[in-house]
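The values are calculated or read from the model by the stated rules, or taken from the named source; none is laboratory data. Note that the structure is a prediction, hence the values are computed from the model and not measured. Here Cβ is always computed from backbone atoms with ideal geometry, including for glycine, and neighbour counts include all displayed protein chains.
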Amino acid sequence: MIAVDWSIERDNSLSFFAQAAKILFVGSDAGFNSELSGLFENRGYSVDSCINGEECLNLISTQHYQLIILDITLPEIDGFSLLGILRKSIQKPVIMLMNNGAEEERIKGFYHGADDCLTKPFNTTELLLRVWALLRRCRAGSETTNSVFQLQLDGLNLDKTNKSTSVHGKIVGLTPTEFRLLWVLLQYRGDVLKKAFLYQAVLNKTRGRYDRSLDVHLGRVRKKLSAAGWNGDRLRTIHGEGYCLD
């Protein structure tokens, strides 16, 4: 059971991003899914839910979702493994629901491609705001008011209109968070960007003392670029300073 804070329902400032946003909940507890569905449906979201990985994959193949909320505890195939499968075909934002919130568990979530992690039990207002923030960032990235739509460097091409990344024409599957990180680094190519700046610009949060989530995202970007034939080591870690793209 979750303690629903319905006070947020009186705040209409979050309704804009609920318009036409379709969310998928994946968790083994049907009752828990039902409570979450009610919470978001009352905010204007369209919601589907399922209780295992097989149902999730079937829904993903036939429906279009703007965001997925994924519990790590699932029968047969756990949430981490399921996310790894999903990331081979879709790059929509994913929030993982963790059991204990240990650093190792969060890092594992980010390593498998999560955009955000939240520990159970959680405050429902916080979950609503995290969903809202992810949808806001994704939609802001596709706004046409920004005059720069593409960035290129030595065969690497980033297209902001559809958030696609390619190396010499070959598509590289980056998550929304990974795309934002690479976009910012390429925008400021040659500059050493402080971690505090990147946490705000990419993850929209303040860096915690033991937070290594940005390191995990950067490592995944390096690995994917290298696998596509682009030198991922050009994304450098400047110890004690931040990150830089040569």
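Checking the structure you have, find out if any residue of segment 58-66 is of a type outside the set (Asp, Glu) and crowded, with 22+ Cβ neighbours inside 10 Å.
Restricting attention to segment 58-66, the residues satisfying the condition of being of a type outside the set (Asp, Glu) are 58-66.
Keeping just the survivors that are crowded, with 22+ Cβ neighbours inside 10 Å gives none.
No, segment 58-66 contains no residue that is of a type outside the set (Asp, Glu) and crowded, with 22+ Cβ neighbours inside 10 Å.
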- Message: Looking at the structure I just gave you, is residue 44 more than 20 Å from residue 212 (Cβ to Cβ) and either modelled with pLDDT of 90 or more or in a loop (DSSP other than H, G, I, E, B) (or both)?
- Response: yes
